[in-house]
Amino acid sequence: MRFSVRLRLSLSIVLAVLVAGAALYGIHADYRRFLDTPLGVPTDGLVLEVKPGMGIGAIARELRRQPGLLRSAFYLKAYARFNGLAPRLKVGEYALAPGMTPRDLLERIATGQVIQYPLTVVEGWTFQQLRQALAAHPKIAQTLREASDAEIMARLDRPGRHPEGWFFPDTYHFPSGFTDEAFLRRALTAMEQRLAQAWSQRAADLPLDDPYQALILASIVEKETGLTAERPAIAGVFARRLREGMLLQTDPTVIYGLGAAFDGDLRRRDLVTDTPYNTYTRRGLPPTPIALPGAGALKAAVHPADGDALYFVADGQGGHVFSKTLNEHNQAVRRYQLRERMRCPADL
């Protein structure tokens with residue numbers, strides 16, 4: 001009788017262990033399927049924002065708010081904790097795409113693969129246009145909106161430096177919440193590196209005294225033509241004029257000097273009204289750059305094309321006609337821009 005009771009008890013224990021083992025095996029298999037089964041992300045994707053202070057529990061709850069997205073918050077939290085990911089989860093915005101598994105998602109958050117937003121700084125922009133673009137970008141945190149140009153340069157550790165020209169045109173990528181100061185610091189560093197490299201590789205006979213003069217000339221070249229192939233020729237004209245002590249007579253510097261007073265029409269009186277940027281009334285380069293020059297303009301400024309042209313004028317088709325003498329230049333003006341030049345003098 002006692003043996004029968006013991007046998008039944010042993011069989012019950014064995015059965016219980018088998019049932020528990022089968023249950024654990026089933027749970028483990030379901031757990032593995034969960035980790036490798038894609039989340040229910042819509043075809044157009046989702047954005048998950050991990051805010052400061054959010055742990056794995058809060059992240060799981062946020063995911064569960066989207067119907068059909070996350071099957072098991074318990075499994076997600078278990079994976080994060082058992083694999084040491086929970087303390088490594090980073091703040092930011094994360095893109096959820098169709099086909100992404102829970103394992104993929106947690107790895108992305110743990111490694112900080114946040115969404116990167118773009119902003120293109122256009123070649124030829126002024127610093128004010130750059131400031132406007134930064135202020136208008138919805139993902140950039142505004143810390144400089146009320147700061148003056150001088151205050152901005154001081155914040156960037158360049159006190160007393162005029163900001164024009166010092167920010168390299170390029171497409172920059174950054175996470176949500178990236179500050180305008182951090183953006184400008186990145187573009188400033190890029191320009192300083194590009195300018196130093198260009199100056200170190202400059203032609204031997206440049207009529208320029210230092211890298212800053214190269215930056216000024218590059219900004220003028222940038223505003224005079226959008227054609228990459230023309231930039232060395234444009235720079236060559238200005239280099240020869242500088243060597244010969246001629247006035248540069250370039251309209252973009254005059255326009256920059258007019259500032260907000262420029263209404264889109266450059267008039268004869270503007271060309272004879274003296275300002276620090278009027279290269280019709282003052283010899284040499286203007287005191288600062290007049291725009292943000294790109295890589296092509298920087299290269300042209302330190303490697304101007306050889307030749308004998310001292311004049312150029314727009315041909316009305318996006319390019320320019322180059323001339324050696326004033327007589328040839330005047331003929332080009334009459335040929336290509338007679339009507340326009342009756343109310344506005346030639347480029348040079």
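The values are calculated or read from the model by the stated rules, or taken from the named source; none is laboratory data. Because the structure is predicted, anything quoted here is derived from the model rather than measured. So basically every Cβ, Gly included, is an ideal-geometry build from the backbone, and we count neighbours across all protein chains shown.
Which members of the stretch 126-149 meet the condition of being in a helix (DSSP H, G or I) and charged (D, E, K, R)? Of everything in the stretch 126-149, those that are in a helix (DSSP H, G or I) and charged (D, E, K, R) turn out to be R131, D149.
Determine if the stretch 74-93 includes at least one residue that is at negative phi and assigned to a strand (DSSP E or B). Yes - at least one qualifying residue is present in the stretch 74-93.
Residues in the stretch 157-191 that are in contact (Cβ under 8 Å) with a residue 40 or more places away in the chain and of a type in the set (D, E) were compared, and the one that is surrounded by the fewest Cβ atoms within 10 Å (Cβ to Cβ) is D170. Determine whether the stretch 302-313 contains at least one residue that is without any contact (Cβ under 8 Å) to a residue 60 or more places away in the chain and not assigned by TED's automatic domain parsing to the domain that holds G124. Yes, that holds for at least one residue.
Looking only at residues in the stretch 61-106 that are among the aliphatic types (A, V, I, L, M) and touching a residue at least 60 places away in the same chain (Cβ under 8 Å), which one is surrounded by the fewest Cβ atoms within 10 Å (Cβ to Cβ)? If you could, list the steps in order and put the result at the bottom.
Within the stretch 61-106, the first condition is being among the aliphatic types (A, V, I, L, M), and the residues that meet it are 63, 69-70, 73, 76, 78, 80, 85-86, 89, 91, 95-97, 100, 105-106.
Then drop every residue that is not touching a residue at least 60 places away in the same chain (Cβ under 8 Å), which leaves 100, 105.
Details: M100: 17, L105: 20.
For the stretch 61-106, the residue satisfying everything is M100.
Evaluated against (1) at pLDDT below 90; (2) touching a strand residue (DSSP E or B) at 6+ places or on another chain (Cβ under 9 Å); (3) surrounded by 16 or more Cβ atoms within 10 Å (Cβ to Cβ); (4) of a type outside the set (S, T, N, Q), E340 falls short on exactly one condition, (3).
Considering each of A218, A261, A233 in turn, give the residue that is of a type outside the set (V, I, T), in contact with a Lys or Arg (Cβ under 9 Å, 6 or more places away or on another chain) and assigned by TED's automatic domain parsing to the domain that holds L310. Going through A218, A261, A233 in turn, the sole match is A218. Of all residues in the stretch 107-125, those being touching a residue at least 40 places away in the same chain (Cβ under 8 Å) and in a helix (DSSP H, G or I) number 1.
Give the residues of the stretch 290-313 that are surrounded by fewer than 20 Cβ atoms within 10 Å (Cβ to Cβ) and over 10 Å from I234 (Cα atoms), sorted by residue number. Break it down into steps so the answer makes sense when it comes.
Residues of the stretch 290-313 surrounded by fewer than 20 Cβ atoms within 10 Å (Cβ to Cβ): 295, 303, 305-308.
Result: A295, H303, D306, G307, D308.
Residue-wise test of (1) touching a Pro at 6+ places or on another chain (Cβ under 7 Å); (2) within 22 Å of R282 (Cβ to Cβ); (3) of a type in the set (G, A, S).
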| site | (1), (2), (3) |
| --- | --- |
| Q193 | no, no, no |
| L206 | no, yes, no |
| I220 | yes, yes, no |
| T228 | no, no, no |
| R231 | no, no, no |
| F238 | no, yes, no |
| L242 | yes, yes, no |
| G245 | no, yes, yes |
| I255 | no, yes, no |
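Before we move on, is Y117 in contact with a helix residue (DSSP H, G or I) (Cβ under 7 Å, 6 or more places away or on another chain) and aromatic (F, W, Y)?
Working: in contact with a helix residue (DSSP H, G or I) (Cβ under 7 Å, 6 or more places away or on another chain): no; aromatic (F, W, Y): yes.
No: the conditions fail for Y117.
One line per residue, one yes/no per condition, for (1) assigned to a helix (DSSP H, G or I); (2) within 29 Å of the chain's Cα centre (by Cα); (3) of a type in the set (A, V, I, L, M, F, W, C):
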position	(1), (2), (3)
L188	yes, yes, yes
E192	yes, yes, no
D205	no, no, no
R231	yes, yes, no
G236	yes, no, no
Y280	no, no, no
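Residue selection: F82 satisfies the criterion of being modelled with pLDDT under 95 and either over 16 Å from the mean Cα position of the chain (by Cα) or under 27 Å from P287 (Cα atoms) (or both).
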